[in-house]
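Enquirer: Got a structure for you, questions after.
Every number in this text was worked out from the coordinates using simple rules, so none of it is lab data. Source: prediction; values computed, not measured. All Cβ positions, even for glycine, are placed from backbone atoms using ideal geometry, and neighbour counts span all protein chains on display.
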Amino acid sequence: MNERILLADDDNSLRLVLSQALAKEGYQVRATSNVATLAKWVRDGEGDLVVSDVYMGEESVFDALPSLRTNRPDLPVIVMSGQSTVLTALSAAGVGAYDYLPKPFDLEDLVGAVKRALSRRPDAKARVAAATAEREERMPLIGRSAAMQEVYRILARVAATDLTVLIEGESGTGKERVARALHEFSRRKDGPFAPIGLAATPRDRVEALLFGASGAEEGLLAQAHRGTLFLDGVDDMPLDAQSRLLRVLEGTGDGKRPDVRIVAASTRNLNDLVEAGAFRADLLFRLNVVVIRLPPLRDRRDDIPDLARAFLIRVRREGLPEKTIDTSAIELLKAQDWPGNVRELENLLRRAAALCPEPIITAREIERELQSVRAPAPEVGPKGADTLEAVVRRRLKSEFADGAPAEGLYDRVLAEVERPLIELTLDATRGNQIRAAAILGINRNTLRKKIQVLGIRTGRSD
């Protein structure tokens, strides 16, 4: 072996024992008793892995790790501590440590952690892919598939115009991102971008929010002056509000039309709604001047590697641990149908980044996260034959049938209960999230967050 381990611990005896144990495994070991020396070695580019105690005298390695991780993001760090509290473990994770070992520990545990950490370091190809993801994450839209090229072609032609645009696509395909791109690359980019989620807005509040109410603040239509009004979920707009919007778009009594660009989005075919009497045909003619149809993720699987890596960059910037993803995980992601589309993919990677203890996400972690949200409900007997507790207990016994189950059991079990509970409640309320939240006894914002995290399809717009 050529790997060099930087070891830091102010206990001379323990430092000697650990040095000998690691040297016996074939590693080169350089040891110190203080944080300052360890930090200098890391800054100088030495070492392939760090094994460090938390506190050495008055110094804490936690104070040095953030800057060291900035300089050497691929350098794995294993933290040891005699103060084995939950705060110490959380602090280790918070500064990006690969693993945490509470003292005392078996030498085999340390050697095993070292081998895992060194075997999971990203190779040169992975580093190049990560650099590409850094650039693409900053783009308004991600993907180079043929399906997305058609989207880009239309965007390029209409962004600089004031033409009204209708964005069609399944829930989770990124309709609001397209709307924002239209705004940011238009001549109205210095004006406001005013979005309204019509599916999540109480029907009796839509007109007041859009057009304002007497004695109250002006509506979004006025707030979007010289900017863009984004009607997200226009297929859920009440007929009265449709009529009023149409009158406004056709001009007031003096024939003046608001100085605002309209971009609308729908998850359903508006022509079908017109035939059903749920949408005004004359308003549809006003909205679908230009139509952008977003492909579902299953029709652009070649974009999944770029999307996955970009999402991991995004969650890292939001404070989650830095992760990369290997080829096996990418292939498993590409094999899925993704009913929740890009949003479901992003939520899965958020969970993986938060829960995976390794710096590289593999197919095993992806499979675990997929099972946690897509596990089928257990079979039950006739109504009244079992209590819910009895059914859950039987289900849990299967997890322990072969010994200790895989990590993350708590989240997997909660997901198996939460997902059908929320889905059935939404079915019963025909997708009305306000009523569903009341039935469940939770806040509406909490319900919306759970729908997003679990990738639940509501039949509503983004």
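Enquirer: Given the convex hull over the Cα atoms of segment 4-121, what projected area results after averaging over all orientations, in nm²? Don't skip to the answer; put the middle values down first.
Expert: On the way: hull surface 25.5 nm².
For segment 4-121, the mean projected area of the Cα convex hull comes to 6.4 nm².
Enquirer: Still on this model: Where does each of Asp190, Asp299, Asp427, Asp235 land when they are ranked from fewest to most other beta-carbon atoms within 10 angstrom?
Expert: On the way: Asp190 8, Asp299 15, Asp427 12, Asp235 21.
So the ranking, lowest neighbour count to highest, is Asp190, Asp427, Asp299, Asp235.
Enquirer: Roughly what % antiparallel, to the nearest 5, for the DSSP beta bridges in segment 146-294? Before the final figure, lay out each step's value.
Expert: Working: 0 of 18 bridges.
Expressed as a percentage, antiparallel bridges in segment 146-294 total about 0.
Enquirer: Given a Förster distance of 25 Å, report the FRET efficiency between Leu396 and Leu421 from their Cβ-Cβ distance, rounded to the nearest 0.05. Each step should come with its number before you reach the end.
Expert: Values: r = 17 Å, r/R0 = 0.68.
Plugging the Cβ-Cβ distance into 1/(1 + (r/R0)^6) gives 0.90.
Enquirer: Report, in whole Å, the centroid distance computed from the Cα atoms of segment 312-350 and segment 39-68.
Expert: Cα centroid to Cα centroid, the span is 30 Å.
Enquirer: Let me ask something else about it. What nm distance separates the two modelled labels at Glu58 and Asn445, each placed 7 Å from Cα along Cα→Cβ?
Expert: My value for the distance between the label points is 4.3 nm.
Enquirer: Quick one: if the Förster radius is 41 Å, what FRET efficiency do Gln371 and Asp162 give, using the C-beta to C-beta distance and rounding to 0.05? Before the final figure, lay out each step's value.
Expert: Working: r = 48 Å, r/R0 = 1.18.
So, using R0 = 41 Å, E works out to roughly 0.25.
Enquirer: I would also like to ask the following. Could you pull out the pairs from Lys115/Lys334; Lys175/Lys449; Lys103/Lys323; Lys189/Lys334 whose alpha carbons sit more than 24 Å apart here?
Expert: Working: Lys115/Lys334 29 Å; Lys175/Lys449 18 Å; Lys103/Lys323 26 Å; Lys189/Lys334 35 Å.
Beyond 24 Å between Cα atoms: Lys115/Lys334; Lys103/Lys323; Lys189/Lys334.
Enquirer: Sticking with this structure for a sec: What nm value, rounded to one decimal, do you get for the distance between Ala281 and Arg430 when each label is placed 7 Å out toward the C-beta?
Expert: My value for the distance between the label points is 2.4 nm.
Enquirer: Could you tell me the calculated FRET efficiency between Ala222 and Arg4, based on Cβ-Cβ distance and R0 = 60 angstrom, to the nearest 0.05?
Expert: On the way: r = 65 Å, r/R0 = 1.08.
Once the sixth-power term is evaluated, E becomes 0.40.
Enquirer: Positive end of the dipole of segment 146-294, charges at C-beta (+1 Lys, Arg; -1 Asp, Glu), about the Cα centre: which of Ala265, Phe211, Val151 has its Cα farthest in that direction?
Expert: Val151
Enquirer: Modelled label-to-label distance, Glu318 and Arg116, 7 Å Cα→beta-carbon offset: nm?
Expert: With each label placed 7 Å out from Cα toward Cβ, I get 2.6 nm.
Enquirer: Could you go through segment 6-17 in sequence order and give the Karplus-derived ³J(HN,Hα) for each residue, using 6.51 cos²θ - 1.76 cosθ + 1.60 with θ = phi - 60°, rounded to whole Hz, and x for Gly and Pro?
Expert: 9, 10, 9, 6, 8, 8, 4, 5, 5, 4, 5, 5
Enquirer: Asp272 to Asp259: extension gain in nm, 0.36 nm per residue of separation minus the Cα-Cα distance?
Expert: 1.7 nm
Enquirer: Give the Rg/Rh ratio for segment 146-294, taking Rg as the radius of gyration of the Cα atoms and Rh as the Kirkwood radius, to two decimals.
Expert: Details: Rg = 14.7 Å, Rh = 15.6 Å.
Result: Rg/Rh = 0.95.
Enquirer: What length, rounded to one decimal in nm, is gained on full extension from Ser243 through to Leu409, with 0.36 nm per residue of separation minus their alpha-carbon distance?
Expert: Values: separation 166, 0.36 × 166 = 59.76 nm, distance 5.14 nm.
Gain on stretching Ser243 to Leu409: 54.6 nm.
Enquirer: For Arg187 and Ser67 in the same chain, what is the full-extension length gain: residue separation times 0.36 nm, less their Cα-Cα distance, in nm? Before the final figure, lay out the partial values.
Expert: On the way: separation 120, 0.36 × 120 = 43.20 nm, distance 4.12 nm.
Taking 0.36 nm per residue and subtracting the Cα distance, the gain is 39.1 nm.
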